[in-house]
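Below is one structure; the comments refer to it alone.
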Amino acid sequence: ATPESPDVTQSVCNGHNPTDPALSLPNSEGIDYSVDPKSGWQPGDTVTVTATLQGGYKFVSPMPNAWTATTATTATKSVTFDAAPDCRSIIKPDAPSMTEEACPATGTPPVAPTLTLPTTTGIDYSADEQPPYSGGPVATVTATTEHDYKLGASLPCGWVRHMSPADDY
């Protein structure tokens, strides 16, 4: 009897969440299959598939596809599931809008500058300066991604990436 490899379904993205991997045992003449652990597999897990001969059968020699005979009637094969895919959506920050301080007419007081933060799904914006704004200071706007989102490899003009060592893109 020739042991066959199980069918492996790797983790994929279902929205922003990775699915659990799956494994289907083959159906080979003369062989019963089992897997340890039997269920609850997570991305990155390694499981052991065991092929046990039924009466009146023997394994082919040499053993195929990374199977290892452990006794005259059993063989094992390790299967490692891939790591979970990164299911975060890639987004880019939008530019804030601002107006400079202006004098509408001679002899009237100047109109204060404004800074309006954008609204982008998946990004929280903040500024280090708070209104009322006055002419002169430079405001730094920060775009922080929410849990299910990440910044793309390239950013729009004017944005500078600041990452912790655990961040990636």
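The values are calculated or read from the model by the stated rules, or taken from the named source; none is laboratory data. Given the structure is predicted, the values throughout are model-derived calculations rather than measurements. Neighbour counts are summed over all protein chains in view; Cβ atoms, including those assigned to glycine, are modelled from backbone coordinates with ideal geometry. Note: accessible area is taken over every heavy atom of the protein model, side chains too, but ligands, DNA and RNA are not part of it. Shrake-Rupley method; radii C 1.70, N 1.55, O 1.52, S 1.80 Å.
Values as computed for the structure displayed
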item	result
Close pairs from segment 127-156: first more than 17 Å from L117 (Cα to Cα) and of a type in the set (G, A, S), partner open to solvent by less than 50 Å² (accessible area, probe 1.4 Å) and at pLDDT 90 or above, Cβ under 8 Å, at least 6 apart	G152/I91
Scan of segment 19-36 for residues that are open to solvent by 60 Å² or more (accessible area, probe 1.4 Å) and either assigned to a loop (DSSP other than H, G, I, E, B) or more than 21 Å from T73 (Cα to Cα) (or both), ordered by number	D20, S24, L25, N27, E29
Filter result (over 21 Å from L151 (Cβ atoms), in a loop (DSSP other than H, G, I, E, B) and not hydroxyl-bearing (S, T, Y)) within segment 113-136	P113, E129, Q130, P131, P132, G135, G136
Lone unmet requirement of (1) open to solvent by 70 Å² or more (accessible area, probe 1.4 Å); (2) within 35 Å of the chain's Cα centre (by Cα); (3) of a type outside the set (A, V, I, L, M, F, W, C) for Y125	(1)
Of residues in segment 74-107 being at pLDDT 95 or above and among the small types (G, A, S), the one nearest to P132 (Cα to Cα)	A84
Residue count for segment 1-28, restricted to those that are among the charged types (D, E, K, R) and either touching a Pro at 6+ places or on another chain (Cβ under 6 Å) or modelled with pLDDT under 95 (or both)	1
Every residue from segment 91-122 that is under 32 Å from the mean Cα position of the chain (by Cα), open to solvent by 80 Å² or more (accessible area, probe 1.4 Å) and either of a type in the set (D, E) or closer than 14 Å to W159 by Cβ (or both)	K92
Number of the condition not met by R88 [criteria: (1) at positive phi; (2) in contact with a Phe, Trp or Tyr (Cβ under 9 Å, 6 or more places away or on another chain)]	(1)
Test: residue in segment 129-139 that is surrounded by 13 or more Cβ atoms within 10 Å (Cβ to Cβ), modelled with pLDDT of 90 or more and hydrophobic (A, V, I, L, M, F, W, C)	no
Filter pass, P64 being at pLDDT below 95 and either among the aromatic types (F, W, Y) or open to solvent by less than 40 Å² (accessible area, probe 1.4 Å) (or both)	yes
